[in-house]
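The values are calculated or read from the model by the stated rules, or taken from the named source; none is laboratory data. A quick note: this is a predicted structure, and the numbers were derived from the prediction, not measured. So basically every Cβ, Gly included, is an ideal-geometry build from the backbone, and we count neighbours across all protein chains shown.
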Amino acid sequence: MSYPSIHTQLQKMGATLENATDDQMQSAFVESFQEDLPLGFAKVEELVCKFNGSGKDRVMLSLDPKSPEGQQYARLLGPDVPRQVLERHFDVSFGFYNCCGGVVSDDKANLRMTMREQIEVQHPNFVDC
């Protein structure tokens, strides 16, 4: 789950890991996501835009986990810290189902997946994801 440019982003702010503020680390993460994982970041932005224009409680976006954008999407929404950084950045809550389905809402309670939905997202093409 590396973000190779994160230390460079901190340096651009005149900070190091030892003296960076939480706001600087947050900004460094977002900048490194955009630089290191541009396809995945674009899909996260797409998910947020889709949600903001939907009028729904939550919106989901699934990608092929074997595609470059799907792999980057998983690297952004799968791990806890990057997902939390993106939640603060976009002021929404994210969930991640299986290895390819991101979900967004303005309320964490709306992220809960039902058993029916979990079964619906099972697909033979995603066996190895």
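For the range 45-67, which positions are closer than 22 Å to Pro4 by Cα and either among the hydrophobic types (A, V, I, L, M, F, W, C) or at pLDDT 95 or above (or both)? Once the filter is applied, which keeps residues that are closer than 22 Å to Pro4 by Cα and either among the hydrophobic types (A, V, I, L, M, F, W, C) or at pLDDT 95 or above (or both), the range 45-67 yields only Glu45. Taking the criterion of being more than 17 Å from Ser27 (Cβ to Cβ) and of a type in the set (A, V, I, L, M, F, W, C), the residues of the range 81-95 that qualify are Val92, Phe94.
In the range 41-48, the condition of being of a type in the set (Asp, Glu) and within 12 Å of the chain's Cα centre (by Cα) is met by at least one residue.
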